[in-house]
Amino acid sequence: MASMSVQTEHVDSVPAAGVHKDDAPPGGPAASSKKRVGGPAPYLLLLPALLATAVLLGYPLVKNGMLSFQNLNPRQLILHLTEWNGFDNYTEVLGSSEFWKVVERSIFFTAANVVLIMVLGTLIGLLLARLGKKMRLLLMLGLVLAWAMPLIAATTVYQWLFAQRFGVVNYVLDSLGWHSMADYNWTSTQFSTFSLVTLVIVWMSIPFVAINLYAASTTIPKELYEAASLDGAGSWKSFTSVTLPFLKPFLLATTFLEVIWVFKSFAQLFAINGGGPDRLTETLPVYAFVEGVGNQHFGKGSAISFLTIIVLLAMTGYYLRTVLKQEEDEL
């Protein structure tokens, strides 16, 4: 037996035919895999996307920046003149009290919409997790149809629903006893117009939050809920101690996206009432379009659009800073 074990050890120590110790890659298999991963292939794969982004986004941004330093009116367009006026457009915009009113209005409008979207979307997402298969499929089908509906088509439907003379909403309210709402004009005041636009935006944005929240909730391990129930936690305690902490990164990322999407909303506001009445429902995107294209002062409109980007970056930067500070405090 001793001789057999010695012979076995001797055979195992002999290298395979055609393989020498000198042929082995330096550093072992891990080093060779690192070399394969660290090549130029990932950057080459990213190159088409980077080029497309530079062409489709970079060029319009640069062109818009150049226009913001020009005095570009119909006269200059017809005569093909290029009149550089430096920072005059920015000085005129920043010195206008109307611009700062629009900025304040845009921030409050964005905040109100994002809060409604996140609260309602979260509730519907949690509801999806508790429904049966058939009801969940039916609700998700309705959410997807609302999400996939084009902006102008959805806005037109809401205009029909809230029409002054033949709208369904006014008819229902009149039938229920509110006879003063029979011929109510929903775009006659600032508050009612913003309420109608908010309804459109929230209705179209909830599906994104709800469906993604449901998808994220399915990844929560059931063992955590079982452990919470063994500790005597009820439904609310399980939600605050298990569900909410697990979904917090998703909620923060979704809120960040909704801030961007709502702040740059243009089609709903402009299609409902063109920023009226008396330009009281203009947000920064609508204000830039009205001043630039509507009043045919394209240089000023370009300056407003660039300032809109700066305001959006400031808002998102403040939000990200707050989120990162909270995460550091938790650690």
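The values are calculated or read from the model by the stated rules, or taken from the named source; none is laboratory data. Predicted model only: the values in this text are computed from it and were never measured. Using ideal geometry, Cβ is built from the backbone for each residue, glycine included, and neighbour counts are taken over all protein chains shown. Heavy atoms of the whole protein, side chains included, go into the accessibility calculation; ligands, DNA and RNA do not. Shrake-Rupley method; radii C 1.70, N 1.55, O 1.52, S 1.80 Å.
Once the Cα atoms are used to define both axes, helix 2-13 deviates from the longest principal axis of the chain by about 40 degrees.
Report the residues of the stretch 263-279 in range of a label on Val119: point 7 Å along Cα→C-beta, backbone N strictly under 20 Å from it. 263, by backbone N distance to the label point. Once the Cα atoms are used to define both axes, helix 244-263 deviates from the longest principal axis of the chain by about 40 degrees. Evaluating 6.51 cos²θ - 1.76 cosθ + 1.60 at θ = phi - 60° for every residue in the stretch 66-77, the Karplus couplings come out as 5, 5, 5, 9, 10, 8, 10, 10, x, 4, 5, 5 Hz, glycine and proline recorded as x.
For the stretch 47-98, just say rounded, prolate or oblate: build the C-alpha gyration tensor, square-root its eigenvalues into a ≥ b ≥ c, call rounded for a/c under 1.5, and beyond that prolate if a/b exceeds b/c, oblate if not. Here the stretch 47-98 falls in the oblate category. Computed on the stretch 149-294, with alpha-carbon pairs under 8 angstrom and 6+ residues apart, the relative contact order is 26 percent. Take Leu127, project a point 7 Å from its Cα along the Cβ direction, then tell me which residues of the stretch 197-223 have their backbone nitrogen under 16 Å from it. Only 202-215 fall inside the zone, counting backbone N under 16 Å. Peptides 79-92, 289-302, ordered by how many other C-beta atoms sit within 10 Å of their residues on average, highest first, read 289-302, 79-92. Does the chain come out rounded, prolate or oblate by the C-alpha gyration tensor, with a ≥ b ≥ c the root eigenvalues, rounded set by a/c under 1.5 and, if not, prolate when a/b is larger than b/c and oblate if not? Judged from the Cα gyration tensor, the chain comes out oblate (a/c at least 1.5, b/c at or above a/b). Between the amide H of Gln70 and those of Asn85, distances stay under 5 Å, these residues lying 5 or more places away or on another chain, with hydrogens modeled in the peptide plane. Extension gain, Leu324 to Val169: 0.36 nm times the residue separation minus the Cα-Cα distance gives 51.4 nm.
FRET efficiency for the pair Lys264 and Leu141, taken as 1/(1 + (r/R0)^6) with r the Cβ-Cβ distance and R0 = 30 Å, rounds to 0.60.
Along the stretch 205-222 the Karplus relation, 6.51 cos²θ - 1.76 cosθ + 1.60 evaluated at θ = phi - 60°, assigns HN-Hα couplings of 9, 4, x, 4, 5, 5, 5, 5, 5, 4, 4, 5, 5, 6, 8, 6, x, 5 Hz to successive residues, with x for each Gly and Pro. The residues of the chain have, on average, 64 Å² of accessible surface per residue, using a 1.4 Å probe with all protein chains present. Over the chain, DSSP H runs of length four or greater, each weighted -39,500 (n - 2.57), average out per residue to a 222 nm ellipticity of -22500 deg cm²/dmol. When you count the other C-beta atoms within 10 angstrom of each residue and take the mean per peptide, 275-281, 263-269, 128-134 line up highest first as 263-269, 275-281, 128-134. Based on the alpha-carbon gyration tensor of the stretch 139-218 and its eigenvalue square roots a ≥ b ≥ c, which shape applies: rounded if a/c is under 1.5, prolate if not and a/b is larger than b/c, or oblate? Because a/c hits 1.5 or more and a/b exceeds b/c, the stretch 139-218 counts as prolate. Applied to the stretch 126-143, the Karplus parametrisation 6.51 cos²θ - 1.76 cosθ + 1.60 on θ = phi - 60° returns per-residue 3J(HN,Hα) values of 5, 5, 4, 5, 9, 6, x, 4, 5, 5, 5, 5, 5, 5, 5, 5, x, 5 Hz, with x for Gly and Pro.
Checking the cross-link pairs Lys101/Lys248; Lys134/Lys222; Lys134/Lys237; Lys300/Lys325 against a 32 Å limit on the alpha carbon distance flags Lys101/Lys248; Lys300/Lys325 as lying beyond it. Quick one: with all protein chains in place, what share of the accessible area of the chain is carbon or sulfur, to the nearest percent (1.4 Å probe)? Result for the chain: 69 percent of the exposed heavy-atom area is carbon or sulfur. For the pair Gln76 and Ile310, a Förster radius of 25 Å applied to the C-beta separation gives a FRET efficiency near 0.45, rounded to the nearest 0.05. Using Cα atoms only, what is the angle between the long axis of helix 28-37 and the major principal axis of the chain, expressed in degrees (0 to 90) to the nearest 10? Value to nearest ten degrees: 20.
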